[in-house]
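Remarks on the structure that follows.
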Amino acid sequence: MLRSVLLEGFRSFEQPTAVRFAPLTILAGPNNAGKSSVIQALLALVQSEQASSSASLLLSGAWCDLGRFDEVVSAGSPTNQRRFRIGLTGATPEGLAVDAVWEFGPRDGEEPTLTSVSLLSLTYAFERRAGRVERRVAGFQWESDNPADGYQGQAAGQAVFADPGAFLILILAKPEQDEVGRASQWNRPVSEIRPSPLDASRTQYVGPFRSPPQPLYTPRTSLAGPPLGRHGEHTAELLFRHRTQRTDIAVPGQPHDDAGAPILSAVNAWWSYLFDGSFALQIDAPARLGFTLSIDTPSAERLGLGQVGLGLSQALPIVTACLVSRPGDLLLIETPEAHLHPGAQHRLTSLFIELARKGRQVVVETHSEHLVTAAQIAVKEGLPPQDVALSFFSQDAGRTVVQEIELNPHGRALRWPPGFFDQAAVDLAELLR
């Protein structure tokens with residue numbers, strides 16, 4: 001699970017800026033303030049891992065397109081220091097606490113490519129080990145000062161990256177003798193170090209632009225990218241393949257400790273709850289040509305998704321991603337409120353909170369005050385305040401400023417920053433004036 005994300009020199013994050021993460025993380029603020037940049041930095045690391053990009057960060061791929069390097073690095077960076085840093089704290093898939101900072105930029109004399117940028121250095125610290133990898137002329141040099149790596153003195157060697165979040169130690173130099181004159185271990189076998197708390201196989205992503213309903217959803221031809229596709233285009237296929245599996249996420253009206261239901265049944269239950277009706281999704285795979293989705297409503301059967309309100313089809317990838325997830329998964333969701341009535345936005349937050357209670361981590365980029373209010377009410381009703389990280393993004397002279405909003409046990413903000421969802425109050429004051 002992620003505990004924080006650090007960005008420096010990345011787009012509008014010119015200065016080092018840390019964003020706290022929690023089981024439920026809400027990134028709020030006006031347009032073009034930097035919220036999506038936090039998620040896209042994570043997606044770039046995820047797609048680099050999935051593509052085994054060695055010592056490069058993929059700026060364009062199956063998960064996101066950040067643009068050229070010159071469009072990613074902060075405009076205010078000095079010409080001779082055109083580089084950016086991404087830092088993560090959290091826990092590895094094995095449960096070890098880790099803190100890692102990557103630095104990316106062109107190598108000396110290198111022109112950045114359109115799709116990737118070189119790794120320059122990586123500094124990391126586990127619970128009981130720490131080290132640094134730095135690019136040199138002959139390759140990457142690895143150093144560690146921690147005896148937990150099997151040495152009494154400083155260990156050093158060369159490293160080869162599978163992706164920016166994982167590398168192999170290949171050659172180890174003989175360290176100095178210890179204090180009693182015995183030679184320290186030096187002929188150590190090759191070992192792998194993975195200092196990243198991210199795991200591409202445990203990451204779900206639902207982007208802000210979700211595909212409109214289709215008469216036939218074609219099977220995916222590549223495993224690259226998010227399980228649902230970047231635009232939710234593979235939702236039908238994922239649902240078809242997981243429809244009979246059970247989820248541990250309780251459906252509305254059942255206790256939180258309930259064993260859950262088959263995923264398709266759970267989707268229908270949450271769909272009906274979100275839209276305050278009775279809806280039943282039907283999935284077919286006619287002649288193995290693809291997948292079809294239809295919906296039964298109280299007034300008609302087998303309606304195409306294009307024949308009902310757009311909000312239903314736009315919410316389906318979100319609900320699906322949530323219900324096919326497993327404990328330990330990271331869900332990144334942008335603009336979940338799109339095309340949803342305020343009541344549906346509020347109820348959708350209940351699903352996010354249920355996931356946070358069941359061991360997932362949900363990161364939401366939003367403009368919805370209804371979603372924020374629902375999270376505050378959940379804290380008032382017993383969700384620990386530390387399980388919600390609410391950050392407000394704004395800009396000052398083109399630079400992103402992030403302010404964390406701390407909630408007390410009653411769900412109230414200890415301090416609201418100026419401009420945080422205050423338009424309704426401004427409009428009301430104008431009407432009463």
Could you tell me whether any residue of the stretch 293-316 is among the basic types (Lys, Arg) and under 20 Å from His234 (Cβ atoms)? no
Can you tell me which residues in the stretch 112-146 are touching a helix residue (DSSP H, G or I) at 6+ places or on another chain (Cβ under 9 Å) and hydroxyl-bearing (Ser, Thr, Tyr)? Thr113, Ser116
Within the stretch 120-150, restricting attention to residues that are β-branched (Val, Ile, Thr) and modelled with pLDDT of 90 or more, which residue is nearest to Ala55 (Cα to Cα)? Val133
Look through the stretch 15-32, keep the residues that are assigned to a loop (DSSP other than H, G, I, E, B) and modelled with pLDDT of 95 or more, and return whichever of them is farthest from the chain's Cα centre (by Cα). Pro16
Assess whether Thr297 counts as being in contact with a Gly (Cβ under 9 Å, 6 or more places away or on another chain) and farther than 29 Å from His367 by Cβ. yes
Looking at the structure I just gave you, is Thr123 of a type in the set (S, T, N, Q) and closer than 30 Å to Phe209 by Cβ? no
Given (1) touching a residue at least 24 places away in the same chain (Cβ under 8 Å); (2) hydroxyl-bearing (Ser, Thr, Tyr); (3) touching an Asp or Glu at 6+ places or on another chain (Cβ under 6 Å), index of the condition Thr92 fails: (3)
Given the structure, is Pro175 at pLDDT 90 or above and either in contact with a Phe, Trp or Tyr (Cβ under 9 Å, 6 or more places away or on another chain) or under 30 Å from Gln361 (Cβ atoms) (or both)? no
Where in the stretch 188-291 are there strands (runs of 3 or more DSSP E), lying fully within it, with 2 or more residues that are over 27 Å from the mean Cα position of the chain (by Cα) and over 20 Å from Gln345 (Cα atoms)? 280-284
In the list Phe140, Phe126, which residue meets the criterion of being touching a residue at least 60 places away in the same chain (Cβ under 8 Å) and farther than 30 Å from Arg360 by Cβ? Phe140
Matching residues in the stretch 336-362 (surrounded by fewer than 18 Cβ atoms within 10 Å (Cβ to Cβ) and under 23 Å from Lys35 (Cα atoms)) number 4
How many residues does the stretch 225-264 hold that are among the polar types (S, T, N, Q) and within 17 Å of Lys358 (Cβ to Cβ)? 3
Ser368 fails exactly one of (1) crowded, with 17+ Cβ neighbours inside 10 Å; (2) closer than 19 Å to Thr17 by Cα, namely (2)
Report the residue count in the stretch 276-287 for those that are out of contact with any strand residue (DSSP E or B) (no Cβ under 8 Å at 6 or more places or on another chain) and free of Cβ contacts under 8 Å to residues at least 24 places away in the same chain. 3
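The values are calculated or read from the model by the stated rules, or taken from the named source; none is laboratory data. Everything numeric in this text was worked out from a predicted model, so none of it was measured. Cβ sites come from the backbone with ideal geometry, for glycine too, and all protein chains shown count toward neighbours.
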